[in-house]
Amino acid sequence: MTLTQTLREATSGVLDRFHGAVLPWKQDSRLESEKGTQSTPSFFMPQFIPPRLLIQRLWLCVSSLRRVSSIGWGASAQKWKKLADLSAPELSIPEMRKLIAETRTPMMTQLWRLQDLRSGGLVYSLELFIQVIKSSGKAALRESSRELYGGTFLVITRRWRGEYEHGVWTERLLVDLLRCVLPTSDDSSSSDQIPTYIIDHFLTFLADVLATKSGSHVRDAISQIKTYSERPGYPSEVAREVLSSLELAGT
């Protein structure tokens, strides 16, 4: 629960300026009667969802049933209302809904994220970088921005090229992040589009990480890249080269 505060302090508040990196956590009055619970923090980070938040629906259900058991249903018109609103309010935040919808195994992914952070935070750094691009409108698409954004990507990944022992958690998180990097529609005017040169950098780096590796996540990456390389209007020689190298390594 102290992770968010620690990272906010370690970055001197810079983290707060990354769109969607830190979100407010409102006090939930439904839990005020619970004894022995930790104090509610003021902020939380979607990438590192506190397990308490993920199980809060169950927690609130148990709390409601306990109150019903001790004081009765009360007015009949209110009895269903007591059990109706059991979701944590934080889960209704758009950023949270999107993140959870895109995460197939939330608890396992949480473990991978923490392991990645302990190992230096490569994927978390890349997630922040991709968020900045998506929230910058079309600034990253301008040719004048290529050196800045492309250079930043290379700086983030440079220390992990050949010097970093990639864990399987890093590999799986990078494959998950690939879904946010590759275009999801044929609309080239989309404001959150990732520039092709960043996609090419990401695919090249991913190929380095997954070289000689195997598993369902590698097959997932191949499937995503194949779909991307076959898109009309998105010709990418880099994508085809990466696809060929990954398929060759898997045979």
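The values are calculated or read from the model by the stated rules, or taken from the named source; none is laboratory data. Predicted, not measured: the structure shown is a model, and the values here were computed from it. Cβ placement follows ideal geometry from the backbone for every residue including glycine, while neighbour counts extend to all protein chains displayed. We work out accessible area using only protein heavy atoms, side chains counted, and drop any ligands, DNA or RNA first. Shrake-Rupley method; radii C 1.70, N 1.55, O 1.52, S 1.80 Å.
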Once the whole set of protein chains is in place, how much accessible area is left on E9, using a 1.4 Å probe, in Å² to the nearest 10?
120
Among 227-233, 167-173, 242-248, 154-160, how do they line up from the highest to the lowest mean number of other beta-carbon atoms within 10 Å?
167-173, 242-248, 154-160, 227-233
5 angstrom amide H check on S236, placed H, neighbours 5+ away
none
Backbone HN-Hα couplings from phi across the range 7-21 [Karplus 6.51/-1.76/1.60, Hz, Gly and Pro as x]
5, 5, 6, 5, 9, 6, x, 4, 4, 5, 8, 8, 4, x, 6
Note: the range 90-142, point scatterers on Cα, Debye, no solvent; log10 I/I(0) at q = 0.24, 0.25, 0.28 Å⁻¹ equals -1.04, -1.06, -1.09
Taking a probe of 1.4 angstrom, what is the accessible area of D220 in Å², to the nearest 10?
30
